[in-house]
1. What is the one condition in (1) of a type outside the set (Val, Ile, Thr); (2) within 16 Å of the ligand (Cβ to nearest atom); (3) touching a residue at least 60 places away in the same chain (Cβ under 8 Å) that Leu177 does not satisfy?
2. Restricting attention to the range 134-174, report how many residues are in contact with a Phe, Trp or Tyr (Cβ under 6 Å, 6 or more places away or on another chain) and either away from the ligand (no atom under 16 Å from the Cβ) or without any contact (Cβ under 8 Å) to a residue 12 or more places away in the chain (or both).
3. Take Gly267 and tell me if it is within 16 Å of the ligand (Cβ to nearest atom), in contact with a Phe, Trp or Tyr (Cβ under 9 Å, 6 or more places away or on another chain), under 30 Å from Gly402 (Cα atoms) and assigned to a loop (DSSP other than H, G, I, E, B).
4. Identify all residues within the range 240-283 that are in contact (Cβ under 8 Å) with a residue 12 or more places away in the chain, of a type in the set (Asp, Glu) and surrounded by fewer than 15 Cβ atoms within 10 Å (Cβ to Cβ); write none if there are none.
5. Looking only at residues in the range 1-26 that are under 25 Å from Ala184 (Cα atoms) and modelled with pLDDT under 95, which one is surrounded by the fewest Cβ atoms within 10 Å (Cβ to Cβ)?
6. Can you find a residue that is without any contact (Cβ under 8 Å) to a residue 24 or more places away in the chain, in contact with a Phe, Trp or Tyr (Cβ under 8 Å, 6 or more places away or on another chain) and not assigned by TED's automatic domain parsing to the domain that holds Val168 anywhere in the range 383-401?
Amino acid sequence: GGPERPRVSVIGTGYLGATHAACMAELGFEVLGLDIDPAKIEALTRGELPFHEPGLPELLLKHVQSGRLRFTTSYEEVGAWADVHFIGVGTPQKPGETAADLRFVDAAVTSLAEHITQDALIVGKSTVPVGTAARLRDLLAETRATAGLDGTVELAWNPEFLREGYAVKDTLTPDRLVVGVESAHAEALLRQVYAKSLTEGTPWIATDFATAELVKVAANAFLATKISFINAFSEITETVGGDIGTLADAIGHDPRIGRRFLNAGAGFGGGCLPKDIRALQARVSELGLDRTMRFLAEMDDINLRRRDRVVDLAVQVLSHHRDGIARSAGDTASPVPSPATVEVLNGTKVALLGVTFKPHSDDVRDSPALDVANRLFTAGADVAVYDPQGNANAARRFPRLGYVDSLEKALVGADLIILLTEWDEFRQMDPEYVGRLVDQKLLIDGRNVLAPRPWQDAGFTHAALGHRF
Ligand code: UGA
């Protein structure tokens, strides 16, 4: 069903929305992107992407220039023009709470409801607590009835599974498409929109609202659990010895387990995994299921303890180098550094490699690396931060850290190197060369990506998360 080739709008031009809009244009649709932030709309209209994402700037420019992709701040324009409206606005953690803040999704649905002048389908893509789509369907109907508007406007829910750094690929060739629908018409229209993926054999899962909402949070909670699971074993191997990488490889050979997302290190961060597991717990408690997702609180704690561990390891490595005894920093979880931490770190020059929450991104939201950088700085360390993409965003958040614009500048004169984001530039470092730049040959690998042997051969003390020091 539906019109010949539906016209598509995308509400919210942040990470998800901008990617979705450009990819819909790439799939051949005429697309209108909307954001309430005029600065964003001006930049996008000039074909400029306000964040880093490989491959996306090219796609944006191509379709802005062809005229297939346009941007606006006007709900009136969008409501009169498009047949399918995707909502890709943020659902951040409420300040001081664990629950998700739904005001942007609510505002998008209300604004669309008031301005749509023809039959249309609204498709939510944002990550939301279960029950939200049903509530929004009612809100939509009420708003239209109150305003006395005609036309059939339906709601569907279509969660997004894209990863930062691979957003274009994940959107154009998704692993699966999940749609929560309440009518055959909505499903048919979405099939039409995603026809290209379907001809390529992408699994199509049409289900109800609740399932569609839950699939998204279940996927992220499972991924977070995998990471915390291997990091919990890191706490064991750090104590008794053993090799966490070999352990992950060995269990990963069992296809029921799988090797991916078992990389031990500084843990997960970003705009999704941490907030999604917290929002899920909050929602499930609201439903009266207090114990159901309690294990996720444990996953969250294990994850955050990795950051404490990096600080502790820095103190151990430095004190061991100074006087032959690996001293513990004591309690590193507190925002106030312990006296032992300050004593050892004060004045130490740290080359901090990586501040983004993962490579191929400039995103520093909830970044383990940036958190550690700030803690070392608070303890008096002289921190030289270098990230191939993340310095500007990090400097906005923590302006007092030292930022340098090359790897070499970070390394020159360093007392300790700490790698916290596994960019290729860091993986490829030559130990001999690095050894000539630094003052002290001390290295902490916070992502388990540097083979110990070549660094040890070059005279380095090599310490890593998941390994006994
Ligand atoms: C995550 C999910 O992977 C996407 O499927 C989902 O669509 C997205 O959230 C979202 O909800 O929007 P993303 O936040 O881009 O994607 O990042 P991931 O690639 O999942 O990495 C998350 C964090 O886990 C990073 O900090 C990474 O360094 C860490 N990680 C990942 C590990 O510590 N170990 C691993 O083995 C894998």
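The values are calculated or read from the model by the stated rules, or taken from the named source; none is laboratory data. Source: prediction; values computed, not measured. Cβ: placed from backbone, ideal geometry, glycine included. Neighbour counts: every protein chain shown.
1. (3)
2. Within the range 134-174, the subset in contact with a Phe, Trp or Tyr (Cβ under 6 Å, 6 or more places away or on another chain) is 134, 157.
Okay, now just the ones that are also either away from the ligand (no atom under 16 Å from the Cβ) or without any contact (Cβ under 8 Å) to a residue 12 or more places away in the chain (or both), so 134.
Matching residues across the range 134-174 total 1.
3. Judged against the criteria, Gly267 is not a match.
4. Residues satisfying the conditions do not exist here.
5. Top of the filtered list is Glu4.
6. First pass over the range 383-401, keeping only residues without any contact (Cβ under 8 Å) to a residue 24 or more places away in the chain: 395-396, 399-400.
Still in the running and in contact with a Phe, Trp or Tyr (Cβ under 8 Å, 6 or more places away or on another chain): 395, 400.
Adding the requirement that they be not assigned by TED's automatic domain parsing to the domain that holds Val168 leaves 395, 400.
Yes, that holds for at least one residue.
Residues are listed down the side, and each one gets a yes or a no for (1) within 27 Å of the chain's Cα centre (by Cα); (2) in contact (Cβ under 8 Å) with a residue 60 or more places away in the chain:
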position: Asp312; (1), (2): yes, no
position: Ser319; (1), (2): no, no
position: Gly324; (1), (2): no, no
position: Ala329; (1), (2): no, no
position: Pro335; (1), (2): yes, no
position: Thr341; (1), (2): no, no
position: Val350; (1), (2): yes, yes
position: Val355; (1), (2): yes, yes
position: Ser361; (1), (2): yes, yes
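Residue-wise test of (1) over 23 Å from Gly271 (Cα atoms); (2) part of a helix (DSSP H, G or I); (3) among the acidic types (Asp, Glu).
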{"position": "Gly33", "(1), (2), (3)": "no, no, no"}
{"position": "Ala43", "(1), (2), (3)": "no, yes, no"}
{"position": "Pro50", "(1), (2), (3)": "no, no, no"}
{"position": "Glu58", "(1), (2), (3)": "yes, yes, yes"}
{"position": "Gln65", "(1), (2), (3)": "yes, yes, no"}
{"position": "Glu77", "(1), (2), (3)": "yes, yes, yes"}
{"position": "Val89", "(1), (2), (3)": "no, no, no"}
{"position": "Ala107", "(1), (2), (3)": "no, yes, no"}
